[in-house]
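Peer 1: Here's a structure for you.
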Amino acid sequence: MLGVLLGSIATFVTVPFLVWGVVYVVTRKISRKKKFSFMLATDVTTFFLIISVLVTMYTIWSRPFIWPVIILLLLIVIGITFLFWKQDKDVGISHIIKTSWRFNFLLFSSGYLFLCVYGLVQRTLEL
């Protein structure tokens, strides 16, 4: 049982967009709300994308990049807070965190795809 759980987590870290599909389909069947299912799938997948990007960077360069990623996440929150403040919008912490988290989905999706292509090209050229 533990092996199946660990294998599932490893698969979701390796292919984080699989998480998006699973969460979307399951919540769509349960709630029947497209927007809710889409947003929940995006929020859940963001966590797996961050872990996946960290693992991929470690695999490519054999160095942990946890602190630069944590600093990047904090800078994104600070930047979005500053933008909301400059636009005189309500600076609610839940809205800032939700916006930052969804921006991180876009950023880490792009990073994941770039790193996958970069890693494939790098390994191919090493052969």
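Peer 1: Considering only residues that are over 25 Å from W20 (Cβ atoms), surrounded by 12 or more Cβ atoms within 10 Å (Cβ to Cβ) and not hydrophobic (A, V, I, L, M, F, W, C), which ones fall in segment 80-119?
Peer 2: T81
Peer 1: Right, something else. Scan segment 1-36 residue by residue and report those that are of a type in the set (D, E, K, R) and in contact with a Lys or Arg (Cβ under 9 Å, 6 or more places away or on another chain).
Peer 2: R28, K34
Peer 1: Then there's this: Can you run down the residue pairs with Cβ atoms below 7 Å, 6 or more apart or on separate chains, where the first is in segment 64-92 and more than 16 Å from T46 (Cβ to Cβ) and part of a helix (DSSP H, G or I) and the partner is of a type outside the set (S, T, N, Q) and modelled with pLDDT of 90 or more?
Peer 2: I66/L54; T81/I96; F84/I96
Peer 1: Name the residues in segment 26-36 that are farther than 18 Å from F47 by Cβ and among the β-branched types (V, I, T), would you?
Peer 2: The one that is farther than 18 Å from F47 by Cβ and among the β-branched types (V, I, T): I30.
Peer 1: Please state which of the following conditions T45 fails to meet, knowing it meets all the rest: (1) surrounded by 19 or more Cβ atoms within 10 Å (Cβ to Cβ); (2) more than 23 Å from I97 (Cβ to Cβ).
Peer 2: (2)
Peer 1: Does S31 meet the test of being surrounded by fewer than 18 Cβ atoms within 10 Å (Cβ to Cβ), at pLDDT below 95 and closer than 28 Å to G119 by Cα?
Peer 2: Spelling it out, it is not the case that S31 is surrounded by fewer than 18 Cβ atoms within 10 Å (Cβ to Cβ), at pLDDT below 95 and closer than 28 Å to G119 by Cα.
The values are calculated or read from the model by the stated rules, or taken from the named source; none is laboratory data. No experiment lies behind these values; they were computed from the predicted model shown. With ideal geometry, Cβ positions are generated from the backbone for all residues, glycine too; neighbour counts draw on all protein chains shown.
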